[in-house]
Amino acid sequence: MTAVSPAERAGAAITEPVLLDVTRLVARAWSGRHSTGIDRVCAAYLDHFRPHARAVVQHRGLIRALPHRESAELFTLIEAPPRGRRTALARVLSSALLSGTAEAELSGRAYLNVGDTDFDLRSHHRWAEQTGVRPFYFLHDLIPALNPAFSRPHAVRRHRGRVRGALEHGAGVIVGTQAVRQEVEAYAAANGWPLPPLAVAPLAGADFAQMPEVRAEEQAPFFLCVGTIEPRKNHRLLFAVWEQLAARLGAETPKLIIAGQTGPMTGDLLAPLANLAPHIEHRPSCSDAELADLMRGARAVLMPSLAEGFGLPVVEALQCGTPVIASALPVFAEIGQGATRLVDPRDSAAWEQAVCAAVHAPSRKTGPVPGFVPPRWQDHFEVVERFIASRVPCAQSSSKRVLAA
């Protein structure tokens, strides 16, 4: 296994346009839905590669790379205010899907798919082979494949197909943590699939510490949990903890704010709120500025997840000086750098104890939590640019993989 040193990464540069798949961002702009963690990573890639990228869009097996002028227009529309956006998107996309760029112009270009978009489909890989692009895929996690109970059957099948497609057809695969890298290696070996070059590029998240305050937030002690409402996020544990706190502390119970939209598997997960309304508040939508206020003011950010691929709120909270109490998962141990309190995600008594300790902890100082070095998007993209600029063939033994760490 060959490692790419920081010095080598610093010399990385993109000398030709990158083909950036923005299908997921287009879908979010069209629907107006709130961004998930993966959406936010896609937005960071657009922000970074925008000056030297051409857009790729997919629709039901039809794939088109847009010329430079249309790409620039589409990038602007993705970030435009909602009013009139759909009409403009329809105009640009209809033209792009009918025309696009000649396949010969794409040969040898690096293609980046960061949004889990359709690389489980045969039509996608036929397009990659016919155009001669070098496809690089970001595997955010293997959760549906390794923990199918947390996803719908259709989502499980599709994600297994994405993992297999990335491993069998990718020029390289990008992951956000060593924990996911190890899962990918083990999963490939267990299924007898090839392993292309891998790059580990930690994510940075938003720098909430630098955002201006929007308004005065909660004055009484409160805790914050950020993420989509779904079974693997383990909100049930927090409800059990707050039931115990409310029974013991009554009006002195600290508040819990849950910031996150509902998902396809939310079901009745929020039913306990009916009895815990004085102590728990659900906010289905928050702007970045509002979330920054909450994160800076919270006694701690709580992440009781049963499975995660990264966990942007962990690094975002630690960066702005807010303590984090998280599940004892390898990924949280890795990205928390020893500055996170790790607790068994199935031990409600231990979580109650951790919450009570945070309530009575001394006031924090400004700056990151001691012992935590905030990751930077600059470092992430130095790894990625060096990786996609390399011309390492994907058909090679695992001992010759490229690992940028």
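Just so it is clear, none of the values below were taken in a lab; they were calculated from the coordinates. Nothing here was measured: the structure is a model prediction, and the numbers come from that model. Heads up, the Cβs are rebuilt from the backbone with ideal geometry, glycines too, and the neighbour counts pull from every protein chain shown.
Observations on the structure shown:
- Shape class for region 208-359: rounded, because the ratio a/c of the largest to smallest gyration tensor axis (alpha-carbon atoms, square roots of eigenvalues) is under 1.5.
- Label separation (Ala349 vs Arg91): 6.6 nm, computed from points 7 Å beyond Cα along the C-beta direction.
- Per-peptide packing, taken as the mean over residues of other Cβ atoms within 10 Å, places 116-127, 272-283, 78-89 in the sequence 116-127, 272-283, 78-89 from highest down.
- Projecting the Cα positions of Leu97, Ala166, Gly176 onto the charge dipole of the chain (unit charges on Cβ atoms of Lys, Arg, Asp and Glu, taken about the Cα centre) puts Leu97 furthest along the positive direction.
- Taking a ≥ b ≥ c as the square roots of the eigenvalues of the Cα gyration tensor, region 24-65 is oblate, since a/c reaches 1.5 or more and a/b is not larger than b/c.
- Projecting label points 7 angstrom from Cα along Cα→Cβ for Ser31 and His52 puts them 3.3 nm apart.
- Global form of region 165-210, assessed from the alpha-carbon gyration tensor, a/c cut-off 1.5: prolate
- Think of each Lys and Arg Cβ as +1 and each Asp and Glu Cβ as -1; about the Cα centre, that makes the dipole of region 208-359 roughly 180 debye.
- Whole-Å semi-axes of the ellipsoid equivalent to the chain (Cα gyration tensor, √5λ, descending): 38, 24, 20
- Net charge dipole, region 100-203: roughly 220 debye, given to the nearest 20, about the Cα centre with Cβ charges of +1 for Lys and Arg and -1 for Asp and Glu.
- Beta bridge orientation in the chain: antiparallel %, DSSP, nearest 5: 10
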